[in-house]
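Chemist: I have a structure I would like to understand better, so I am pasting it below and will then ask my questions one at a time.
The values are calculated or read from the model by the stated rules, or taken from the named source; none is laboratory data. If you're wondering where the values come from, they're calculated on a predicted model, not measured in any experiment. Please note: Cβ atoms are built from the backbone with ideal geometry, for glycine as well, and neighbour counts cover all protein chains shown. Calculation scope for accessible area: heavy atoms of the full protein, side chains included, ligands and nucleic acids excluded. Shrake-Rupley method; radii C 1.70, N 1.55, O 1.52, S 1.80 Å.
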Amino acid sequence: MKSENGFYGQFGGSYIPEILYSSQQQILTAFEEAKNDPTFLAELHKQWQQFSGRPTPLTYCENLTNHFGGAQIYLKREDLNHSGAHKMNNVIGQGLLVKRMGKTRVIAETGAGQHGIATALVAARLGLECTIYMGAKDIERQYPNVFWMKQLGATVVPVTTGAQTLRDALDEALRDWSSSHEDSHYLIGTSCGCAPFPEMVAFFQSVIGDEVREQSMAQFGQFPDRLYACVGGGSNACGLFLPFLDDKDVEMVGVEAGGKGLELGEHSIRLSHNLGQPGIAQGFATMFLQDQAGQLQETHSIAAGLDYVGVSPIIAHLAETGRIKMTYAMDDEVIAACTLLLKKEGIIPALESSHALAGAFKDAPNLPKDSKIVINLSGRGDKDIFNVAKAVQDETFPQFLTDYLASYPTNHVDNKEQNA
Amino acid sequence: MSQLAAFIDKKRQTKPILSMTHVVYGYPTVQESLDWMARLMKEGVDFIEVQFPFSDPVADGPSIVAACHKALEQTLDVETCLAQLGKLAKDFPESRIVLMSYLNPMYRFGLEKFAKRASEENILGLILPDLPIEQAVDYRAACEKYQIDPVWLVTPVTPKDRLAMLASQANGFLYCVARSGVTGHSVHEDKAHENNHHTTSLDNYLAEIKQHANAPIGVGFGLRERAQIEQLIGKADIAILGSALLDAYNRGGQEEGIKLINALFH
Ligand SMILES: Cc1ncc(COP(=O)(O)O)c(C=O)c1O
């Protein structure tokens with residue numbers, strides 16, 4: 001979606017410290033040129049295909065459809081991307097742009113670690129130095145992803161300020177960029193941040209919706225009646241929705257994280273239910289979860305990837321104008337939706353994506369039998385093994401962990417010294 | 001002429017360089033921060049730069065970030081802060097106050113009201129490092145209306161034409177960031193390469209600014225030694241002391257802070 005000078009209605013824009021002005025201008029120019037350069041686009045499509053496995057399928061879910069007895073349910077399988085999430089679409093695009101700008105290092109923030117891993121993968125492949133900022137609390141919650149980032153050669157920096165989660169990691173990535181802008185690119189993971197990041201990330205993610213346009217025509221001879229996507233920062237939602245923006249008959253539903261409840265601090269609902277307020281922080285204007293005095297607040301979701309205080313200015317604008325309908329799903333509804341997909345269709349969804357499932361499952365029974373809905377399955381759930389095990393109260397998991405720990409070699413301290 | 005520039009010009013008749021010392025409002029408590037501000041003004045600093053804390057201060061390094069987060073363990077209120085600063089301004093007429101914050105708390109307070117109330121409380125300048133001049137039409141109009149100076153920042157990597165534009169817009173003083181990065185000592189420092197072809201040395205940079213700026217020049221970011229301040233004499237009007245002073249305060253309270261100021265400026 002084209003912006004008006006970086007703005008989408010009252011949202012977006014560019015609110016960055018002066019030190020970043022030149023780097024931001026460089027990205028603006030480089031992106032503007034790249035997206036109109038057939039050679040760049042050809043390389044992008046080649047990498048999407050050969051490295052990430054695109055196009056991803058559109059999967060019909062017969063069992064779920066029968067189960068609900070309403071709309072015909074299809075899943076857009078972003079979980080089948082390399083690294084297991086849509087994050088790869090963006091990271092490949094920005095990675096190629098980094099090469100084009102001649103920079104040698106990338107910086108990224110990550111919450112769950114999905115974007116961190118995707119960035120580390122591409123950095124390894126493109127020969128870029130890579131630093132990932134991650135809240136110290138998130139590192140504790142998501143250690144397996146941290147492990148892989150390190151193995152891929154990235155430096156993972158724990159962020160110990162503030163609430164020690166994604167918001168703080170984003171702040172720290174901006175601080176790094178303020179020092180390192182001459183040779184480093186800030187590879188943001190979602191369609192947030194200063195212009196042109198929201199537009200650029202949405203552009204790279206729009207491959208999702210572009211494919212759905214073709215696949216829906218080929219598989220059922222029409223565009224979908226309704227689209228569903230979870231909304232963290234908003235990149236997978238932008239990716240699915242934006243290519244259908246002018247098709248007025250295609251309805252769009254964004255699903256936010258309701259977490260444990262509607263009290264401030266218990267959820268990450270910025271748009272539905274009027275829980276967020278307009279604000280300007282982290283480089284852009286959008287709806288933020290904040291207190292009366294304009295201090296940003298802590299958020300919660302069972303899905304670390306939705307646990308963010310702001311939201312894409314593009315989604316905020318489309319929600320305000322009514323083009324997208326926003327709703328939310330609570331943690332327990334999300335686990336139920338995840339479990340249902342496992343049992344009915346043999347697909348393991350990410351907890352983030354399970355929000356989109358939960359939102360769609362509520363509507364599906366009440367929709368006409370000949371209507372078609374497409375749910376963006378933004379990622380696979382392997383990464384959530386610990387959290388899902390805990391949520392479904394799997395009885396044998398603790399025993400597994402205890403046994404595993406007992407057999408784990410304890411001389412790792414010596415190893416570390418040898419490596420140093 | 002702007003009140004801020006006039007004050008600087010007058011003070012500069014007798015002093016080779018003026019001091020601006022930074023204090024985080026509410027750190028470690030509101031009262032202690034007010035006491036510290038009063039002490040600094042009593043000791044004769046030319047300016048205090050008061051930072052109203054924000055949860056996500058992206059232009060600041062670890063010392064100031066930690067102080068802001070500590071301060072925010074209390075509920076801080078912009079209106080109360082302004083009134084308290086107004087009292088200080090009355091009590092210490094030899095010094096002046098500028099107020100720094102990030103955009104969001106002031107945007108929520110109302111930018112027009114912010115300019116109005118700050119001006120009423122005899123605050124002479126406002127610094128919002130994440131509000132670029134291009135996005136500041138209404139804010140600039142409000143500052144003009146209430147006769148308070150918005151302070152713009154320039155950096156060693158600001159393109160020449162933009163630097164000229166910002167310098168020409170400055171009235172009270174122009175804030176020249178001395179180097180890339182955030183305030184204070186930071187883990188990110190070694191990532192900046194200051195002396196390659198993109199950046200000029202501090203002297204050349206300040207000389208370039210002088211060509212375009214009618215307003216006085218303040219220099220901040222990374223100042224912590226007397227030699228640095230001496231280097232600025234004749235090239236800048238104000239030396240801004242931020243994290244170094246906070247670090248001294250954290251080591252030994254007000255006394256350690258005053259010792260640093262005396263070592264740097266007297
Ligand atoms: C699988 C998955 N889906 C969704 C998201 C949320 O991000 P966005 O709203 O930008 O798509 C994440 C973020 O980490 C994710 O990993």
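Chemist: From A:Gly221, A:Gly189, A:Gly193, A:Gly153, grab the single residue that is at pLDDT 95 or above, away from every other protein chain (no Cβ under 13 Å) and within 15 Å of the ligand (Cβ to nearest atom).
Modeler: Step by step, each of A:Gly221, A:Gly189, A:Gly193, A:Gly153 is checked, and only A:Gly189 is at pLDDT 95 or above, away from every other protein chain (no Cβ under 13 Å) and within 15 Å of the ligand (Cβ to nearest atom).
Chemist: Scan A:Val106, A:Val98 and give me the residue that is of a type in the set (Val, Ile, Thr), away from the ligand (no atom under 15 Å from the Cβ) and surrounded by 24 or more Cβ atoms within 10 Å (Cβ to Cβ). Break it down stepwise before answering.
Modeler: On the way: A:Val98 fails: surrounded by 24 or more Cβ atoms within 10 Å (Cβ to Cβ).
After applying the criteria, what remains is A:Val106.
Chemist: Can you name the residue in segment B:176-187 that is buried (at least 21 other Cβ atoms within 10 Å of the Cβ) and within 9 Å of chain A (Cβ to nearest Cβ) and, of all such residues, is nearest to the chain's Cα centre (by Cα)?
Modeler: Residue satisfying both the conditions and the ranking: B:Val177.
Chemist: Within segment A:168-216, which residues are of a type in the set (Gly, Ala, Ser) and open to solvent by 10 Å² or more (accessible area, probe 1.4 Å)?
Modeler: Scanning segment A:168-216 gives A:Ala195, A:Ser206.
Chemist: Of a type outside the set (Val, Ile, Thr), within 12 Å of the ligand (Cβ to nearest atom) and in contact (Cβ under 8 Å) with a residue 24 or more places away in the chain: which single residue out of A:Ala350, A:Ala319 fits that description?
Modeler: Being of a type outside the set (Val, Ile, Thr), within 12 Å of the ligand (Cβ to nearest atom) and in contact (Cβ under 8 Å) with a residue 24 or more places away in the chain holds for just one of A:Ala350, A:Ala319, which is A:Ala350.
Chemist: A further question follows. Filter segment A:24-42 down to the residues that are out of contact with any helix residue (DSSP H, G or I) (no Cβ under 7 Å at 6 or more places or on another chain) and within 20 Å of B:Ala59 (Cβ to Cβ), then identify the one that is most open to solvent (accessible area, probe 1.4 Å).
Modeler: A:Gln25
Chemist: Additional query: If you go through segment B:77-84 one residue at a time, do you hit one that is open to solvent by less than 10 Å² (accessible area, probe 1.4 Å), under 27 Å from B:Gln169 (Cβ atoms), within 14 Å of chain A (Cβ to nearest Cβ) and assigned to a loop (DSSP other than H, G, I, E, B)?
Modeler: Scanning segment B:77-84 turns up no residue that is open to solvent by less than 10 Å² (accessible area, probe 1.4 Å), under 27 Å from B:Gln169 (Cβ atoms), within 14 Å of chain A (Cβ to nearest Cβ) and assigned to a loop (DSSP other than H, G, I, E, B).
Chemist: If we scan segment B:66-74, do we find a residue that is touching a Phe, Trp or Tyr at 6+ places or on another chain (Cβ under 8 Å) and surrounded by fewer than 17 Cβ atoms within 10 Å (Cβ to Cβ)?
Modeler: Within segment B:66-74, one or more residues are touching a Phe, Trp or Tyr at 6+ places or on another chain (Cβ under 8 Å) and surrounded by fewer than 17 Cβ atoms within 10 Å (Cβ to Cβ).
Chemist: Ok, one more. Which of the following residues is more than 14 Å from the ligand (Cβ to nearest atom), away from chain B (no Cβ under 14 Å) and surrounded by 23 or more Cβ atoms within 10 Å (Cβ to Cβ): A:Gly294, A:Gly258, A:Gly233, A:Gly279?
Modeler: Just one listed residue meets the conditions, A:Gly258.
Chemist: So, in segment B:117-134, exactly how many residues are crowded, with 17+ Cβ neighbours inside 10 Å and either away from chain A (no Cβ under 14 Å) or modelled with pLDDT under 95 (or both)?
Modeler: 9
Chemist: Just the residues that are acidic (Asp, Glu) and within 25 Å of the chain's Cα centre (by Cα), please, taken from segment A:54-86.
Modeler: If the condition is that a residue be acidic (Asp, Glu) and within 25 Å of the chain's Cα centre (by Cα), then A:Glu78, A:Asp79 are the ones that fit.
Chemist: In addition: Would it be correct to say that B:Leu88 is away from chain A (no Cβ under 11 Å), under 20 Å from the mean Cα position of the chain (by Cα), more than 13 Å from A:Gly294 (Cβ to Cβ) and assigned to a helix (DSSP H, G or I)?
Modeler: yes
Chemist: May I ask you to verify whether A:Ala173 is more than 16 Å from the ligand (Cβ to nearest atom) and of a type outside the set (D, E, K, R)? Can you show your working first?
Modeler: Numbers: more than 16 Å from the ligand (Cβ to nearest atom): no; of a type outside the set (D, E, K, R): yes.
Spelling it out, it is not the case that A:Ala173 is more than 16 Å from the ligand (Cβ to nearest atom) and of a type outside the set (D, E, K, R).
Chemist: All but one of (1) within 14 Å of another protein chain (Cβ to nearest Cβ); (2) of a type outside the set (Phe, Trp, Tyr); (3) within 30 Å of A:Lys390 (Cα to Cα) hold for A:Thr286, so report the exception by its number.
Modeler: (3)
Chemist: Would you mind finding the one in A:Leu187, A:Leu166, A:Leu170 that is out of contact with any helix residue (DSSP H, G or I) (no Cβ under 8 Å at 6 or more places or on another chain) and in contact (Cβ under 8 Å) with a residue 60 or more places away in the chain?
Modeler: Testing whether each residue is out of contact with any helix residue (DSSP H, G or I) (no Cβ under 8 Å at 6 or more places or on another chain) and in contact (Cβ under 8 Å) with a residue 60 or more places away in the chain leaves just A:Leu170.
Chemist: Go through segment A:190-218 and give me each residue that's more than 30 Å from B:Ala66 (Cβ to Cβ), part of a loop (DSSP other than H, G, I, E, B) and in contact (Cβ under 8 Å) with a residue 60 or more places away in the chain.
Modeler: A:Ser191, A:Ala195, A:Pro196
Chemist: At pLDDT below 95, of a type outside the set (Lys, Arg), within 30 Å of A:Glu266 (Cβ to Cβ) and open to solvent by less than 30 Å² (accessible area, probe 1.4 Å), is that true of A:Gly113? Talk me through it step by step, then tell me what you get.
Modeler: On the way: at pLDDT below 95: yes; of a type outside the set (Lys, Arg): yes; within 30 Å of A:Glu266 (Cβ to Cβ): yes; open to solvent by less than 30 Å² (accessible area, probe 1.4 Å): yes.
When the stated conditions are applied, A:Gly113 passes them.
Chemist: Next question. State all residues of segment A:72-84 that are more than 16 Å from the ligand (Cβ to nearest atom) and surrounded by 24 or more Cβ atoms within 10 Å (Cβ to Cβ); if no residue qualifies, say none.
Modeler: Listed by number, the residues that qualify are A:Ile73, A:Tyr74.
Chemist: Moving on to the next point. Inspect segment A:85-92 for any residue being within 16 Å of the ligand (Cβ to nearest atom) and within 14 Å of chain B (Cβ to nearest Cβ) and give the result as yes or no.
Modeler: Here is the first cut: in segment A:85-92, the ones within 16 Å of the ligand (Cβ to nearest atom) are A:85-92.
Now narrow it down to the ones that are within 14 Å of chain B (Cβ to nearest Cβ): none.
No, that holds for no residue.
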